Amino acid sequence: MPIHSERMAKITGETAMFTGIVEEIGKVKAADEGRLVIGASEVLSDVKIGDSISVNGACLTVTTHDAEESTFSVDVVPETMRRTNLGELKAGSSVNLERSVPAYGRFGGHMVQGHVDGTAIIRSIESEGDALMVIFDAPTHVMRYVVEKGFIAVDGASLTIVNCDNFSFSITIIPHTRDNTVFGSKGAGDSVNIEVDIMAKYVERLALAIRQPMDTAEEF
């Protein structure tokens with residue numbers, strides 16, 4: 001399993017961050033009225049109530065956990081349901097899981113906040129040798145931040161963009177990623193959660209401030 005070799009203790013009050021390196025594939029045991037019960041193993045090794053876990057790229061708070069059943073539960077608010085694919089989950093669904101890490105910890109992927117920007121739809125999946133080429137159709141408010149060879153989090157997994165235009169982008173899934181994430185069970189027409197690289201948003205914000213008159217720019 002792709003896991004971090006070291007995980008430093010979480011500091012109280014620290015903002016949750018992720019790296020996009022999926023630790024394991026969890027299995028939804030129950031999905032009812034905004035609550036998910038998920039079966040797992042690796043992410044439960046040091047879990048505590050109140051910890052943050054990325055579920056398909058969405059940062060969620062552990063509300064209960066059962067060591068004997070190897071499960072934990074999270075509550076999903078309506079806004080998260082609307083913005084993500086979590087509302088589509090049902091008992092038996094597979095999900096990507098990653099525990100949060102401190103900002104000063106090891107980052108194997110890229111800086112992921114667990115704040116999903118929207119969903120994309122898989123247009124096609126084609127084999128390229130041992131790898132898979134996947135093309136996604138995404139909304140314009142997501143695509144404005146997507147650049148060729150840049151980072152993007154897809155269902156919480158840190159991936160590199162191969163090509164993009166105004167309405168779609170493509171990525172390559174290597175065998176290791178296919179076997180250790182939910183991508184191995186995805187097909188055309190499925191939805192995925194998307195989080196763009198936060199650095200793109202910072203750059204846009206700064207560029208807007210520079211173009212504004214000085215008195216307005218100071219407000220930023």
| query | Within segment 114-176, which strands (runs of 3 or more DSSP E) (wholly inside it) include 3 or more residues that are closer than 22 Å to residue 82 by Cβ? | reply | 118-128, 151-154
| message | Among the residues that make up segment 49-57, is at least one of them of a type in the set (Gly, Ala, Ser), touching a helix residue (DSSP H, G or I) at 6+ places or on another chain (Cβ under 7 Å) and surrounded by 13 or more Cβ atoms within 10 Å (Cβ to Cβ)? | response | no
| query | Can you name every residue in segment 147-157 that is buried (at least 19 other Cβ atoms within 10 Å of the Cβ) and either on the phi > 0 side of the Ramachandran plot or at pLDDT 95 or above (or both)? | reply | 152, 153, 154, 155, 156, 157
| task | Taking the residues in segment 177-201 that are closer than 20 Å to residue 84 by Cβ and of a type in the set (S, T, N, Q) as candidates, determine which candidate is surrounded by the fewest Cβ atoms within 10 Å (Cβ to Cβ). | result | 185
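Each row is one residue, and each column tells you yes or no for (1) out of contact with any Asp or Glu (no Cβ under 7 Å at 6 or more places or on another chain); (2) surrounded by 14 or more Cβ atoms within 10 Å (Cβ to Cβ); (3) at pLDDT below 95; (4) closer than 18 Å to residue 192 by Cα.
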residue	(1), (2), (3), (4)
95	yes, yes, no, yes
102	no, yes, yes, no
106	no, no, yes, no
121	no, yes, no, yes
162	yes, yes, no, yes
| note | Residue count, segment 182-203, condition at pLDDT 95 or above, under 14 Å from residue 152 (Cβ atoms) and of a type in the set (Val, Ile, Thr), comes to 2
| said: Against the conditions (1) loosely packed, with under 14 Cβ neighbours inside 10 Å; (2) more than 22 Å from residue 195 (Cβ to Cβ); (3) modelled with pLDDT under 95, where does residue 41 fall short? Just the number, please. | reply: (3)
| field | residue 26 vs. criteria at pLDDT 95 or above, buried (at least 19 other Cβ atoms within 10 Å of the Cβ) and touching a Leu at 6+ places or on another chain (Cβ under 6 Å) | value | yes
| request: Could you pull out the residue among 143, 133 that is without any contact (Cβ under 8 Å) to a residue 60 or more places away in the chain and buried (at least 19 other Cβ atoms within 10 Å of the Cβ)? | output: 143
| query | So residue 1 fits all but one of (1) of a type outside the set (Lys, Arg); (2) touching a helix residue (DSSP H, G or I) at 6+ places or on another chain (Cβ under 8 Å); (3) surrounded by 20 or more Cβ atoms within 10 Å (Cβ to Cβ); (4) at pLDDT below 95; what number is the exception? | reply | (3)
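The values are calculated or read from the model by the stated rules, or taken from the named source; none is laboratory data. Everything quoted here is computed from the prediction, not taken from an experiment. FYI the Cβ positions are ideal-geometry reconstructions off the backbone, even for glycines, and counts take in every protein chain you see.
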